[in-house]
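Shown next, in structure tokens, is the structure this report addresses.
The values are calculated or read from the model by the stated rules, or taken from the named source; none is laboratory data. Predicted, not measured: the structure shown is a model, and the values here were computed from it. No Cβ is skipped: glycine too gets one built from the backbone with ideal geometry, and neighbour counts run over all protein chains shown.
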Amino acid sequence: MLYQKIILNNEKSIKLNSNLKLIQTCQNQGKICCDFVHNYTNTSSKISADYVILATGYQQASLDFMLELDPCIKKQPCGSYDIDRNYEVNYQHPNGMGRIFVQNMGLCTHGVGTPDLGLSAHRSATIINRILDKEFYKLSRNNILSNFS
């Protein structure tokens, strides 16, 4: 979907960056400003954007940075986060602030396809649609190719 948007609409404002460590964020004139350091080259970079989606990569990462929020997150009996069909964590901040979305987590809630990177584009589009509260990316409900019966 992102590739279609870039090719068909000549969209240049979408950037996917990898191997970056987020150092600092701030808000300036309605934009989110982020400072990054590249994990391998150690070079610094800055961006200013309307939306920023951060991901930890393809492996289950240690979520030590989430420990402070842990009391506000509902868990499944298996111990993992309670995640809805739109990949939003059941999170209740005392001040009603923020939302948490995850990918490649939720084996208990979403099944064995959870770590399948082939589904990440669909999951990303689902998350973006939920964040925007509209169907920015049209997603088919009937997109199953395999029939096991």
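Structure values in brief
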item: Residue within the range 122-135 that is modelled with pLDDT under 70, surrounded by 10 or more Cβ atoms within 10 Å (Cβ to Cβ) and not in a loop (DSSP other than H, G, I, E, B) present; result: no
item: All positions within the range 18-36 that are within 24 Å of S124 (Cβ to Cβ) and surrounded by 10 or more Cβ atoms within 10 Å (Cβ to Cβ); result: N19, L20, K21, L22, I23, T25, K31, I32, C33, C34, D35, F36
item: Near pairs, Cβ below 8 angstrom, 6+ apart or cross-chain, from the range 31-49 (basic (K, R)) to any residue that is not in a strand (DSSP E or B); result: K31/D50
item: Within the range 70-105, tally of residues that are touching a strand residue (DSSP E or B) at 6+ places or on another chain (Cβ under 8 Å), over 22 Å from R123 (Cα atoms) and of a type in the set (D, E); result: 0
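So that you can scan it fast, the table gives a plain yes or no per residue for (1) among the polar types (S, T, N, Q); (2) part of a loop (DSSP other than H, G, I, E, B); (3) within 16 Å of I131 (Cβ to Cβ); (4) at pLDDT below 85:
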position	(1), (2), (3), (4)
I53	no, yes, yes, yes
Y58	no, yes, no, yes
N86	yes, yes, yes, no
V112	no, yes, no, yes
